[in-house]
1. Return the total of residues in the stretch 363-385 being assigned to a loop (DSSP other than H, G, I, E, B) and not polar (S, T, N, Q).
2. Pick out the one residue from 222, 216 that is over 27 Å from the mean Cα position of the chain (by Cα), under 18 Å from residue 157 (Cβ atoms), assigned by TED's automatic domain parsing to the domain that holds residue 146 and part of a helix (DSSP H, G or I).
3. Only residues that are closer than 30 Å to residue 168 by Cβ and not charged (D, E, K, R): list them for the stretch 4-34, please.
4. Is there a residue in the stretch 347-366 that is of a type in the set (Asp, Glu) and either closer than 15 Å to residue 328 by Cβ or more than 29 Å from the chain's Cα centre (by Cα) (or both)?
5. Under 38 Å from the mean Cα position of the chain (by Cα), modelled with pLDDT of 95 or more, in the same structural domain as residue 17 (by TED's automatic domain parsing) and within 19 Å of residue 97 (Cα to Cα): does that describe residue 179?
6. Hey, can you tell me all the residues within the stretch 335-361 that are assigned to a loop (DSSP other than H, G, I, E, B) and touching a Lys or Arg at 6+ places or on another chain (Cβ under 7 Å)?
7. Return a yes/no flag: does the stretch 194-206 have any residue that is assigned to a helix (DSSP H, G or I), modelled with pLDDT under 90 and within 20 Å of residue 154 (Cα to Cα).
8. So which of 50, 23 ends up being touching a helix residue (DSSP H, G or I) at 6+ places or on another chain (Cβ under 8 Å), surrounded by 13 or more Cβ atoms within 10 Å (Cβ to Cβ) and assigned by TED's automatic domain parsing to the domain that holds residue 163?
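The values are calculated or read from the model by the stated rules, or taken from the named source; none is laboratory data. In this text the structure is predicted, and so the values were computed from the model without any measurement. Here the Cβ positions follow ideal geometry from the backbone for every residue, glycine too, while neighbour counts run over all protein chains shown.
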Amino acid sequence: MSLVEKCWMVTSKISVIALLMITGIYFGKFVCPYIKKKKGAVAVSIVYITIMLVLYMIPPQIDNFSAYLIGVMAAFLVMYVEDRRNIYQKIFLAITFFSIRWLTVAMAARLDDLVTKALVFRNMSAEKVWLQYGLYVGTRVLDIVLCIAFIAVAIGLINKAYIYKKDEMSVKEMVMLIIPSLVGVTGYGILQYYLMIYERDTGKNLIDTYGFYGALSFLHYLISIVAILVVIVMFQNWKEMQEEQRGQELVLNQISDMKKHIEEVEKLYRDIRSMRHDMGNHIQTLEHLVAHNNMDDATEYLEHLKNEWDEVSPEIKTGSPVIDVILMEKLREAKERQIRFLSDFHYPQNTKLNAFDLSVIMNNALNNCMENVSGDNPYISISSFRKNSIFMITIKNSFGGQLNFGDSDLPETTKSGREHGMGLNNIRRVARMYMGDISLEQGNEEVILSIMMQVE
């Protein structure tokens, strides 16, 4: 083997290894936004690159399709071990990258073919072997640069289009999203099969014989990547519409709750007015019983009157009838479930704080507490204080579990379905309407929700 032939062989191997390493790095970049810890994405890159290098360097060599399939499967297992949540999303990521890798490399290869024919094949002569080698090195560099450009753009656009990265993906959603990738890589396989069959039967290259075949192949690869992107965009738009619909339904539910609270307040005031109206008669009755020295009857009558008053008089008084009703409802629910309920909440008077906005906070926060309170001695407490224009609400509940905060300052909910993660987000939305925010902390088997608002 001559020196130039050795150089060709070494350059070919180096270009393959470089491309393997580059695609492995971009695999890690692709999955990084979806994995809780960045070291998980680094592990994906390292495992993928290692597997592919081993399969390339150690004989017996297997076919490319099987080799890359093994590499992607190994990377998927790393993702699953690092973070076992949202497994269907990880399957989608693995299949999508598998397809993107083949499609982008094939696109670069078609363009590289044009340059190779124009430069290398036109200088095929014994006297120009080193010139041919130099041009070959140039085409290998161009091929790698094109691969980097195509895969970087494809991955960047997909990650930008995929907005709801933290949402749990269902089986149906996964199937919908991977179909374009499967179609694209299947089309690639069919096109490559025809290339191989034609060359085997005729001894000629199909693209050299029919130039339009290369153009059609490139067009198929490009359309396949665009199809993947379009389906993801449509999926994210659908998710956004779902979020808006859930928000609208939540507002309607809150309006319904508000109407119910108002009806409770009106009933309370009717009962109080009724007692006031009858108070004169009650006083006359008591005077008559005392005047005739019927002390036992008077005591019994007074006890009955006191019980009636307790029924209409709220046990919790905050300064807002609507908030009184909300807290009384939660108090009754807590008593039924044998949960201690402590309230030191006072509604700030003469402020811009709207009772409806505050009811959104109270309902969502206390519903979360009721759903998650746990421990041997379960309790819920709510308190508030005002300092000049700042109004603070602190809600605590016992909790024996462990909150998973992920990359956010709010915990990742395990709730699935239509109200997934809406409670805390709605509390934050209202707090920010008043130039405030919320924080959630956990410690000593207790969860503390703090809400700050500017009310002046």
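1. In the first step, residues of the stretch 363-385 are kept if they are assigned to a loop (DSSP other than H, G, I, E, B); the result is 373-378.
Now narrow it down to the ones that are not polar (S, T, N, Q): 373, 375-376, 378.
Qualifying residue count, the stretch 363-385: 4.
2. It is 222.
3. Correct list: 23, 24, 25, 26, 27, 28, 30, 31, 32, 33, 34.
4. No, the stretch 347-366 has no match at all.
5. yes
6. The answer is 348, and nothing else.
7. no
8. Details: 50 fails: touching a helix residue (DSSP H, G or I) at 6+ places or on another chain (Cβ under 8 Å).
Being touching a helix residue (DSSP H, G or I) at 6+ places or on another chain (Cβ under 8 Å), surrounded by 13 or more Cβ atoms within 10 Å (Cβ to Cβ) and assigned by TED's automatic domain parsing to the domain that holds residue 163 holds for just one of 50, 23, which is 23.
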